[in-house]
Amino acid sequence: DGGITQSPKYLFRKEGQNVTLSCEQNLNHDAMYWYRQDPGQGLRLIYYSQIVNDFQKGDIAEGYSVSREKKESFPLTVTSAQKNPTAFYLCASRDSLAKNIQYFGAGTRLSVL
Amino acid sequence: QKEVEQNSGPLSVPEGAIASLNCTYSDRGSQSFFWYRQYSGKSPELIMSIYSNGDKEDGRFTAQLNKASQYVSLLIRDSQPSDSATYLCAVILTGGGNKLTFGTGTQLKVEL
């Protein structure tokens, strides 16, 4: 069953804690993206990676970090430097063979305790 | 000026009517345009993509693109209560990375 899997579905962060959100895809897509969505807002790009071992900052990268060691995986770490982390986090991958359509995982909802 | 603009709504239409959702964008060089549907608490799902001027139809959905006016729209015919959702317009702007820039979305309510 092909798709994008995000885990966990819900995550709680304590003050000063780093947390990592998982994103795995078995679609053989080269490019992967992380977005943040706040209530009533559109999606804002945090980081993206077009190939393994390479990634670029998006519009709101401060307080976040990523890695891309495998084609299938693109984890996002929300660091303690991100002072307002409560949001819905969405991972996407892009099908370069289908006119660059991006497909999304089910999302992770992060809240602060 | 925002790069991708949508009216936030809510847009209310009666069941069976045509819903018209609009989006404008600032980058004249943009070539790829997408409409995503997002139900409350869920992730976006692709409804339509459009790349050339004119209309593109898929079932009850029609996307319309006018690059000269920097305008893209989505028409939903025979609107159903299940169409009630937020519709996100997304554009790949020039500048590399094939990054999507999203509007804030238009909330559609289809009333019985």
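What the table shows:
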{"read-out": "Scattering curve values for the protein assembly as shown, log₁₀ I(q)/I(0), Debye with Cα scatterers, q = 0.18 Å⁻¹", "value": "-1.33"}
{"read-out": "The protein assembly as shown, dipole about Cα centre (Lys/Arg Cβ +1, Asp/Glu Cβ -1), debye to the nearest 20", "value": "420"}
{"read-out": "For A:Leu27, residues with placed amide H under 5 Å, excluding near neighbours", "value": "A:Gly3"}
{"read-out": "Shielding score for B:91-103, defined as the mean number of other chain Cβ atoms within 10 Å", "value": "5"}
{"read-out": "Per-residue SASA entry for B:Arg37, accessible area with 1.4 Å probe, Å² rounded to 10", "value": "40"}
{"read-out": "Largest to smallest accessible area among A:Lys83, B:Lys99, A:Lys70 [probe 1.4 Å]", "value": "A:Lys83, A:Lys70, B:Lys99"}
{"read-out": "Label-zone membership for segment A:75-96, site A:Val112, 7 angstrom Cα→C-beta point, backbone N under 15 Å", "value": "A:78-88"}
{"read-out": "Residue mean of other protein chain beta carbons inside 10 Å, A:87-95", "value": "2"}
{"read-out": "Gain in span if fully extended, A:Asn28 to A:Lys83, counting 0.36 nm per residue against the direct Cα distance", "value": "16.4 nm"}
{"read-out": "Estimated dipole of chain B in Debye, rounded to 20 [Cβ of Lys and Arg +1, of Asp and Glu -1, Cα centre]", "value": "260"}
{"read-out": "Overall form of segment A:1-85 per C-alpha gyration tensor (a/c, 1.5; a/b vs b/c)", "value": "prolate"}
{"read-out": "Heavy-atom SASA rank of B:Ser40, B:Ser26 (probe 1.4 Å, accessible area, largest first)", "value": "B:Ser40, B:Ser26"}
{"read-out": "Positive-pole candidate from A:Ser67, A:Ile4, A:Gly16, dipole of chain A, charges at beta carbon", "value": "A:Gly16"}
{"read-out": "Projected label distance in nm at A:Ala98 and B:Lys67, using a 7 Å step from Cα toward the beta-carbon", "value": "2.4"}
{"read-out": "Area of A:Ile60 that stays accessible when all protein chains are in place (1.4 Å probe, Å², to 10)", "value": "40"}
{"read-out": "Dipole of segment B:10-112 [Lys/Arg +1, Asp/Glu -1 at C-beta], most positive-end residue of B:Asn98, B:Gly54, B:Gln64", "value": "B:Asn98"}
{"read-out": "Accessible area buried at the A-B interface, both sides summed, 1.4 Å probe (Å², nearest 100)", "value": "1600"}
{"read-out": "Phi-based couplings in Hz for segment A:4-10 (Karplus 6.51, -1.76, 1.60; Gly and Pro marked x)", "value": "10, 10, 10, 8, x, 6, 10"}
{"read-out": "Hits among lysines - C-alpha to C-alpha of A:Lys71 under 19 Å, sequence gap 8 or more where chains match", "value": "A:Lys57, B:Lys99"}
{"read-out": "Residue-averaged beta-carbon neighbours from other chains (10 angstrom radius) around B:27-37", "value": "1"}
{"read-out": "Integer Hz, Karplus 6.51/-1.76/1.60 couplings in order for segment B:38-49, x for Gly and Pro", "value": "10, 7, 4, x, 10, 8, x, 10, 5, 9, 8, 10"}
{"read-out": "Integer Hz, Karplus 6.51/-1.76/1.60 couplings in order for segment A:91-96, x for Gly and Pro", "value": "9, 9, 10, 10, 8, 5"}
{"read-out": "Listed residues A:Thr20, A:Thr79 arranged by accessible area, highest first, probe 1.4 Å", "value": "A:Thr20, A:Thr79"}
{"read-out": "Cysteines in the protein assembly as shown that, by Cβ-Cβ distance, have no pairing candidate under 4.7 Å", "value": "none"}
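The values are calculated or read from the model by the stated rules, or taken from the named source; none is laboratory data. In this text the structure is predicted, and so the values were computed from the model without any measurement. Positions of Cβ are backbone-derived with ideal geometry, glycine not excepted, and every protein chain shown enters the neighbour counts. We work out accessible area using only protein heavy atoms, side chains counted, and drop any ligands, DNA or RNA first. Shrake-Rupley method; radii C 1.70, N 1.55, O 1.52, S 1.80 Å.
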